[in-house]
Structures are given as C-alpha cells and as structure tokens.
Amino acid sequence: MSHDFSETSDLDPTFVFEFQTYDEVGDGQRWSTWLSVEPLCRGPEPRPDWVVTSQAAVDTELGILKTGKEADAFLLERAVPGSDAPGESVVMVAKRYRGEDHRDFHRSAAYTAGRKVRNSRDNRAMVRKSAHGRAVAAGQWAWAEWQALVRCHGLGLAVPYPVQIDGTELLMEWITVDGETAPRLAQTRPGEDLLASYFDQVRDFLSELARHGLVHGDLSPYNILAAGEQLVVIDLPQMVDLVGNPEGMDFLLRDCTNVCSWFRARGLAVDEHDLFGDLMSHAF
Ligand SMILES: Nc1ncnc2c1ncn2[C@@H]1O[C@H](COP(=O)(O)OP(=O)(O)OP(=O)(O)O)[C@@H](O)[C@H]1O
Ligand SMILES: [Mg+2]
C-alpha cells in the first residue's frame, strides 16, 4: 500500500503520521512505539537480541495478564508483519499504570514519554487527586519502576529486561516457562532441594540490593516468578534507599518476614531476624 502525501505537505507531520496510522493498522494495534520514545526511555545496552527495534514493527494487544491495584499487566506482541524471526517478533509484558485515559490503541500519536514533569500545578493536582494529578502520579510510578528495573538489571540481578518506558506504560521481558507465563513463587510446591536453592536465590538477591543500599520494599512470594529453577523478581516501583529512606529498615524487615514466612510454611527452617541481620552486615 502506498500513499501520496504531496497534497498534505503543508500539514503538521504529526497529522500525517496519525493519518497513516489510522489507515494501516487494525484494531488492537499501533505502530511500534520504540522509535517514538526518547533514547533514555529504551532499554540499556547491550540489548538482548530479541528486542525488536525495526521501524516497520507493529504492536498488537494479546490480552490482559492480570489486573492489579495500581496497574494492569498485558501481553503485547511487537513484530514486523509476516515475520517470526528472532529480533523481528517478540511477546512482551506491558505494565500500564492507571490514572489517565489510555490513548486510543490504534492511534499512535507522539508521546511525552519519560518527561519528568515537576511543576507546582502538577504537584497541586496530585495533592487534590484530580484526574490530571492521578495521571502525573501514574507516570511517576511507571518511571520509578523503570528506573528500578534498569538499576537492578545493571547490577546483574534477575529481573525482567526493561525494554521501554512510555508515559504510564512499561514494556519488559515476558518471563515464561514452556511458553506460558511463569507461575508466581506462591503457586509453586518445590521439592526440598529446589526450595533450598530458591531461598539462596532470594537471599542473594536481597543481599546484593542491600550492598548497594537498596530495598525492594514489596517483596513477597507474589512478586517473585519461578522460571523453572531460576527465580525472577518483579514489581519494583517502590524500591527505596535502605538508609536514605526513614522507613528503609522497616521495609527490609518486612520483605524478610514475607519471604521467610513462605519458606518456613514450605518446611525450610529460616528466620527473618537472622536473614535481616545477615543482610544488614552486607549493607554496612
Ligand atoms: N515480566 C513478567 N513476566 C511474566 N509475568 C508477569 C511479568 N510482570 C508481571 N507479570 C504477572 O502480572 C502480575 C502483576 O504484575 P505486578 O506484580 O508487577 O503488578 P501489580 O499491579 O503490582 O500487581 P499486584 O497489585 O497484584 O501486586 C504478576 O503477579 C505476574 O503474574
Ligand atoms: Mg505485584
């Protein structure tokens, strides 16, 4: 399909882009937003070879994975039409923070992604919890989770690879087992050896964070996915400084308690205060 834009040359290019978008992608689709976000809103280098960067790629909604308190998780395919080659086709998780009306999905307008809006009007709106204020807050949560994922990925920790942030929408690696969404740790019944290995992985994760002065802040067997023998930690928007945040230590103890309770209920003799003490010794 080709278009002759010569007659629209005096129009604003955004208009042409939208026109083109409406014309060529179907319902539940949009052009890949990879190139419409600022470079800092794209995943860190080196990028995994499965990340689709082609300008010809189309994003297709595959459906909802889970609704949450502040955000919903969806599956999204990004692919060059007709291709299923690696690097030209991938399914990712789109975590969308609620708070603003989502753009019409088949319209792909220019974004204001990643722009940190900090002005007094926004702050007042957030305090009032107006629609505008909720939109600002949702964008800040998404941005906070993006930064936490990038930071953890940079430390070599097992978190989903952060692909892209665009306003209130975060795209990340889909963690799977045999092509299906990996179960949450809470849903698994590991045998003795795997249970012990899982605990070691959680402890190592927490201690690496603590060594860098960080706390997950909402760790529980619901925010840890079991990708076979490998655990992957998710849901990090509230990651905080262990010492900079006045509640940092409380959050760490709560994280320890949440995970230790689960492991203990599964038969592993662990104690949150021992774990907490161990982690604090790494932190200082
Ligand atoms: N990268 C991912 N790969 C596979 N599944 C994921 C991924 N991210 C999220 N999920 C699924 O979506 C669920 C919700 O994600 P997440 O915990 O990040 O969002 P949430 O809004 O904070 O949810 P909740 O309010 O239930 O804590 C997860 O429990 C998991 O089942
Ligand atoms: Mg969660």
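The values are calculated or read from the model by the stated rules, or taken from the named source; none is laboratory data. Here the structure is a predicted model, which is why all the values come from computation and not from measurement. Note that each Cβ is placed from the backbone with ideal geometry, even for glycine, and that neighbours are counted across all protein chains shown. Ligands, DNA and RNA are excluded from the accessible area calculation, which covers all protein heavy atoms including side chains. Shrake-Rupley method; radii C 1.70, N 1.55, O 1.52, S 1.80 Å.
A few notes on this one:
- Identity of the residue in region 226-244, surrounded by fewer than 18 Cβ atoms within 10 Å (Cβ to Cβ) and without any contact (Cβ under 8 Å) to a residue 60 or more places away in the chain, that ends up nearest to the chain's Cα centre (by Cα): ALA227
- For region 173-205, the tally of residues that are among the charged types (D, E, K, R), surrounded by 14 or more Cβ atoms within 10 Å (Cβ to Cβ) and part of a helix (DSSP H, G or I) stands at 1.
- Index of the failed condition, ASP204 passing every other in (1) touching an Asp or Glu at 6+ places or on another chain (Cβ under 9 Å); (2) in the same structural domain as GLY277 (by TED's automatic domain parsing); (3) of a type in the set (D, E, K, R): (1)
- Complete set of residues in region 57-96 that are among the hydrophobic types (A, V, I, L, M, F, W, C), more than 16 Å from ligand 1 (Cβ to nearest atom) and either out of contact with any Ser or Thr (no Cβ under 8 Å at 6 or more places or on another chain) or closer than 24 Å to ARG184 by Cα (or both): ALA85
- Some residue of region 135-143 being assigned to a loop (DSSP other than H, G, I, E, B), within 16 Å of ligand 2 (Cβ to nearest atom), on the phi < 0 side of the Ramachandran plot and surrounded by 17 or more Cβ atoms within 10 Å (Cβ to Cβ): no
- A Cβ distance below 8 Å, combined with a sequence gap of six or more or placement on separate chains, defines the contacts here; from region 258-284, residues that are open to solvent by less than 40 Å² (accessible area, probe 1.4 Å) reach residues that are assigned to a helix (DSSP H, G or I) and of a type in the set (Ser, Thr, Tyr) in the pairs PHE263/TYR198; GLU272/THR257; GLU272/SER261; LEU279/SER207.
- Filter pass, LYS116 being modelled with pLDDT under 85 and on the phi < 0 side of the Ramachandran plot: yes
- Exactly one residue out of LEU231, LEU225, LEU236, LEU170 is within 10 Å of ligand 1 (Cβ to nearest atom), in a strand (DSSP E or B) and not assigned by TED's automatic domain parsing to the domain that holds LEU65: that is LEU225.
- Of all residues in region 21-49, those being surrounded by fewer than 16 Cβ atoms within 10 Å (Cβ to Cβ) and not in a helix (DSSP H, G or I) number 10.
- Residue count, region 50-67 (criterion: surrounded by 13 or more Cβ atoms within 10 Å (Cβ to Cβ) and either part of a strand (DSSP E or B) or within 16 Å of ligand 2 (Cβ to nearest atom) (or both)): 6
- Per the listing LEU195, LEU209, the residue uniquely more than 16 Å from ligand 2 (Cβ to nearest atom), in contact with a helix residue (DSSP H, G or I) (Cβ under 8 Å, 6 or more places away or on another chain) and within 26 Å of GLY244 (Cβ to Cβ) is LEU209.
- Restricted to region 213-225, and to residues there that are of a type in the set (Gly, Ala, Ser) and within 16 Å of ligand 2 (Cβ to nearest atom), the residue that is surrounded by the most Cβ atoms within 10 Å (Cβ to Cβ) is GLY217.
- Residue within region 81-90 that is open to solvent by 20 Å² or more (accessible area, probe 1.4 Å), under 16 Å from GLY167 (Cα atoms) and of a type outside the set (Val, Ile, Thr) present: no
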